[in-house]
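The values are calculated or read from the model by the stated rules, or taken from the named source; none is laboratory data. Not measured: the values here are computed from a predicted model. Ideal geometry is used to build each Cβ from the backbone, glycine not excepted, and the neighbour counts take in all protein chains shown.
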């Protein structure tokens, strides 16, 4: 039972790791594509230099050396052509969206081609030397330059060694040297696998760390936005909260004093809102508060500011509006609320509102305390005189 649980836990971890790796695979593919592009141009130049260098002394060589030079020229010539076509292909694909699986295929094809060239050169070199340095060079290039998943690198290097093992016997007849080369080939392939895996794990860990940092940064920004929302806005209606409106009104009152103009504030209170909560429940009451907020936003100008003042009270600031104009706006809002039937879930709710209006100017109501006292007095009169009215 414990063994089954352990196996199950390991499967879950493996699945989680695969999901994490799949998240950064697009970035890994992009890194490989950039490296492939620059490597292709560099390899093209190197291959052409080899072709030119070996061709210049071709006429002076003996039969065996001639055969060797032709083999080297042929190998580097084919590689130069492949690298040129690859660079052009990558340039064409540069700004195109290619599925990850095709990017992987292109990478593995390039990597395999480079190692194949190294294997062939190591084989042809046996005509004149016992060195297998081309194999080591090609394996090192692939291991150091490209980010290849461990499973794929194991397959590439494993198949490469089998091909190397066979091709070494083509031109090397000395059995002792052949054995030495094949054994050294195992070491080179092993080094390639180790380096490839180390670099893969390093870059993978780095990319996953960067992704985690990015996610945490996004989360922090989101939390900051939420904090800002709670600091300045009412969480239910998404209107300005009382503190924000008080700050805005103080600034506007300073501006009114400076430029000697006027504005207007309206306070409205929903009539018998407690009855709505008692009859339909508080969730319906909350929905009604949201609906009233939306109605006010739709009825007022974009320059007008609305706040949930507290409970079922709202305060509206109308810049550059006189008292008489403010009364007209308040009356329009009163009629809109009175006429509207609010469909809240399965309930059809009707409500009215009482309004208080006061003008802000540089003569009277020139501080927030005075202005609020006046507008609250007007609202109280509207309620005393029967509600659903403007004072």
Residue within region 65-77 that is in contact (Cβ under 8 Å) with a residue 40 or more places away in the chain, assigned to a helix (DSSP H, G or I) and surrounded by fewer than 18 Cβ atoms within 10 Å (Cβ to Cβ) present: yes
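Look at residue 158 and say whether it is touching a helix residue (DSSP H, G or I) at 6+ places or on another chain (Cβ under 8 Å) and closer than 21 Å to residue 51 by Cα. First the steps, then the outcome.
Values: touching a helix residue (DSSP H, G or I) at 6+ places or on another chain (Cβ under 8 Å): yes; closer than 21 Å to residue 51 by Cα: no.
Considered against the rule, which asks whether it is touching a helix residue (DSSP H, G or I) at 6+ places or on another chain (Cβ under 8 Å) and closer than 21 Å to residue 51 by Cα, residue 158 comes out as no.
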Residue 221 vs. criteria modelled with pLDDT under 85, out of contact with any strand residue (DSSP E or B) (no Cβ under 8 Å at 6 or more places or on another chain), part of a helix (DSSP H, G or I) and loosely packed, with under 12 Cβ neighbours inside 10 Å: no
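Please count how many residues of region 229-276 are in a helix (DSSP H, G or I) and over 17 Å from residue 357 (Cα atoms). Lay out the reasoning, then the answer.
Pass one, region 229-276, residues in a helix (DSSP H, G or I): 229-232, 242-259, 273-276.
With the extra rule that they be over 17 Å from residue 357 (Cα atoms), the set shrinks to 229-232, 242-244, 247-248, 250-251, 254-259, 273-276.
So the answer is 21.
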Neighbours by Cβ (under 7 Å, 6+ apart or cross-chain): first from region 90-112, in a loop (DSSP other than H, G, I, E, B); second surrounded by 13 or more Cβ atoms within 10 Å (Cβ to Cβ): none
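Name the one entry in 249, 268 that is under 40 Å from the mean Cα position of the chain (by Cα) and surrounded by 15 or more Cβ atoms within 10 Å (Cβ to Cβ). Even if it seems obvious, please write down each step before you answer.
On the way: 268 fails: under 40 Å from the mean Cα position of the chain (by Cα).
The unique qualifying residue is 249.
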Which numbered condition residue 292 fails, given (1) surrounded by 21 or more Cβ atoms within 10 Å (Cβ to Cβ); (2) closer than 15 Å to residue 342 by Cβ; (3) in contact with a helix residue (DSSP H, G or I) (Cβ under 6 Å, 6 or more places away or on another chain): (3)
Which listed residue is over 20 Å from residue 272 (Cβ atoms) and surrounded by 15 or more Cβ atoms within 10 Å (Cβ to Cβ), from 324, 300: 300
Qualifying residue in region 82-98 (condition: under 28 Å from residue 21 (Cβ atoms), at pLDDT below 90 and touching a helix residue (DSSP H, G or I) at 6+ places or on another chain (Cβ under 6 Å)): yes
Some residue of region 129-136 being in contact with a helix residue (DSSP H, G or I) (Cβ under 8 Å, 6 or more places away or on another chain), under 30 Å from residue 27 (Cα atoms), in a helix (DSSP H, G or I) and at pLDDT 90 or above: yes
Output for region 336-351, where each listed residue is closer than 21 Å to residue 300 by Cα and surrounded by 14 or more Cβ atoms within 10 Å (Cβ to Cβ): 336, 337, 340, 342, 351
Residues within region 365-391 that are over 20 Å from residue 253 (Cα atoms), out of contact with any strand residue (DSSP E or B) (no Cβ under 8 Å at 6 or more places or on another chain) and not in a helix (DSSP H, G or I), tallied: 2
